[in-house]
Amino acid sequence: MWLKFLGRDVKLSDYVELNPRVTLPRDANVPFVNMDIVTPGTRRVYPVQERPATGSGSKFAPGDTLFARITPCLENGKIAQYAGDRPGMGSTEFFVLRARDGISDPAYVYYCSQNQDLRSVAEKSMSGASGRQRAVISSLSEFECEFPPLAVQQRIASILSAYDELIENSQRRIKILESMARGLYREWFVHFRFPGHENHPRVASALGEIPQGWVVVAFTALADVLSGGTPKTDIPEYWNGDIPFFTPKDAPSCFYVEDAERLVTELGLSKCASALYPPDTVFITARGTVGKVAMPSVPMAMSQSCYALRGKHGCTQRFLFLMTIHQVDYLKTNTGGATFDTIVVDTFRRMKVAKPPLDLITSFTRKVDALLEQVKVLQGQVRNLRRTRDLLLPRLLSGQINVEAP
């Protein structure tokens, strides 16, 4: 157990500044962090946009920790360390935590914010209208805790940071591989620069010029559109089983979804309209968060707020997946998003695509398989690294693992 701060019971606010004052330049754009780019379990968040430094919002400096205060973001663990290179602002729904000079370490403060007891206290303080409840800042400032000496904080942070660095490196490689797969699809099937394209003159079609030998068909000529369903939520025997149950909330920012927030039992699956869909089924969200596309890496059931796509007549799953992503991007760009208030089966029937020869789909799939298999391996490594880090974190924070120099 760590020594008491100044010989007395201590609170988080003794070590951490909560919602510290930050001065931003007037009449200038500054980095902005919205809640949706914070990924639970990922330490750093990088700004992806800038906004004028006006109006309400949280304000923070590089190294500060952003702690979601609103439901369900707090319960989902939307906590991250701001990795911008200059002060910025973000969602009003963040608490900002900053290390105190000479007393606490910024990285350690972030890891301390992952303390389940701290998060539970914040969750219990939540009040307000249903679905918009918010934690109160005093739940953090009054939280009783003990920090180790600064040098020990830094050693603990360096151990946990090593795992996060490996995780971030793997995630960067995943993004590169996914970008390569999407680029290969566009090169072959959008720009029509596939191997041997010189021998296929362009001909007119309802979609513009396409290579000779290709035909314009409805999307449903290449894929079956299958539905999901939800077991009754008031029957306990249907839930907390071993089968991941995919909903729009589980849609990942990458190609593959590995798990889901909720699990159903075999009995629950038998009592709903969803099948148990195999890996590489294409899932597309149809309500709520609309137009997200992913493939399960393990068998999954699916809610009625999504559709499952299975290729037919030689259309491979990974070709179908990349074609679906492209079609979603195209429709969003050309309809201003209006089409994507919701998706229905007729959306797929009306959608027209250029169908290439099956041997070209097969050749493309062989090439993209090599990329996506690497993605699955890297995702497995990320999962294992996170599991190890999360097992170590509470033991290091509590002092159960001694990292003090002998």
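The values are calculated or read from the model by the stated rules, or taken from the named source; none is laboratory data. Every value quoted in this text rests on a predicted model; they were computed, and no experiment measured them. When we count neighbours, we look across all protein chains shown, and the Cβ atoms used for this are built from the backbone with ideal geometry, even at glycine. Please note that ligands, DNA and RNA were not included when accessible areas were found on the heavy atoms of the full protein model with its side chains. Shrake-Rupley method; radii C 1.70, N 1.55, O 1.52, S 1.80 Å.
Scanning the chain for GluC sites (Glu not before Pro) in DSSP loops with at most 13 other Cβ atoms within 10 Å, what's the longest stretch left with none?
Numbers: sites that count: GLU142, GLU209, GLU261, GLU404.
After excluding every exposed loop site, the longest remaining stretch is 262-403.
Normalised by residue count, the chain yields a Cα convex hull volume of 180 Å³ per residue.
How far is the Cα center of the stretch 347-406 from the Cα center of the stretch 73-90, in Å? For the stretch 347-406 versus the stretch 73-90, the Cα centre distance is 23 Å.
Compactness ratio of the stretch 298-406: Cα Rg over 2.2 N^0.38 Å, N = residue count? Before the final figure, lay out each step's value.
Working: Rg = 21.8 Å, N = 109, 2.2 N^0.38 = 13.1 Å.
For the stretch 298-406, the normalised Cα radius of gyration comes out at 1.67.
At 1.4 Å probe size, with every protein chain present, just tell me what the per residue accessible area of the chain comes to in Å². Could you put the intermediate results ahead of the total?
Working: 19700 Å² over 406 residues.
Counting only protein heavy atoms, the per-residue value for the chain is 49 Å².
Of SER104, TYR163, ALA68, which is farthest along the charge dipole of the stretch 62-184 in the positive direction, counting Lys and Arg as +1 and Asp and Glu as -1 at C-beta? It is ALA68. Projecting the Cα atoms of VAL121, SER179, TYR238 onto the charge dipole of the chain, computed from C-beta unit charges around the Cα centre, puts SER179 farthest toward the positive end. For the chain, the mean residue ellipticity at 222 nm estimated from helices alone is -11000 deg cm²/dmol, where every DSSP H run of n ≥ 4 contributes -39500 (n - 2.57) and the total is divided by all residues, rounded to the nearest 500.
Over all Cα atoms in the stretch 181-269, the spread is summed up by Rg and Dmax: 21.1, 61 Å.
Is there a pair in LYS124/LYS376; LYS249/LYS376; LYS78/LYS367; LYS78/LYS332; LYS332/LYS355 whose C-alpha atoms are over 29 Å apart, and which pairs would that be? In this structure, LYS124/LYS376; LYS78/LYS367 exceed 29 Å between Cα atoms.
If you take every residue apart from HIS191 with its C-beta less than 13 Å away from the C-beta of HIS191, what net charge results, scoring Lys and Arg +1 and Asp and Glu -1? Write out the running numbers ahead of the final one.
Details: positive: ARG182, ARG186, ARG193, ARG202; negative: GLU187, GLU209.
Neighbour charge sum, excluding HIS191 itself: +2.
Which is the longest stretch in the chain that no exposed loop site breaks, taking sites as trypsin sites (Lys or Arg not before Pro) with a DSSP loop state and at most 13 other Cβ atoms within 10 Å? Could the numbers behind the result be given before it?
On the way: sites that count: LYS4, ARG21, ARG26, ARG132, ARG193, LYS232, LYS312.
Of all site-free stretches, the longest is 27-131.
Its alpha carbons give the stretch 30-107 an Rg and a Dmax of 11.8, 34 Å.
For the chain, the carbon plus sulfur part of the accessible surface works out to 51%, probe radius 1.4 Å. Taking the DSSP beta bridges with both ends in the chain, the antiparallel portion is around 85 percent.
Measuring nothing but how far apart in sequence close Cα pairs (under 8 Å, 6+ apart) lie, relative to its length, the stretch 131-289 scores a relative contact order of 15 percent.
Extension gain for the segment SER205 to ILE159, taken as residue separation times 0.36 nm less the Cα-Cα distance, is 10.6 nm to one decimal. If I fit a long axis through the Cα atoms of helix 317-335 and take the longest principal axis of the Cα atoms of the chain, what angle between them do I get, 0 to 90°, rounded to 10? Taking Cα atoms only, the helix is inclined about 80 degrees.
Where the eigenvalues come from the Cα gyration tensor of the stretch 350-406, what are the semi-axes √(5λ) of the equivalent ellipsoid, largest first, in whole Å?
Details: eigenvalues 480, 37, 7 Å².
Equivalent ellipsoid of the stretch 350-406: 49, 14, 6 Å, largest first.
Over the C-alpha atoms of the stretch 263-330, the Rg to Rh ratio, Rh being the Kirkwood estimate, stands at 0.99. If you take every residue apart from LYS124 with its C-beta less than 14 Å away from the C-beta of LYS124, what net charge results, scoring Lys and Arg +1 and Asp and Glu -1? Once all neighbours under 14 Å are counted, the net charge is -1. DSSP bridge analysis restricted to the stretch 240-308 gives an antiparallel fraction near 70%, rounded to the nearest 5.
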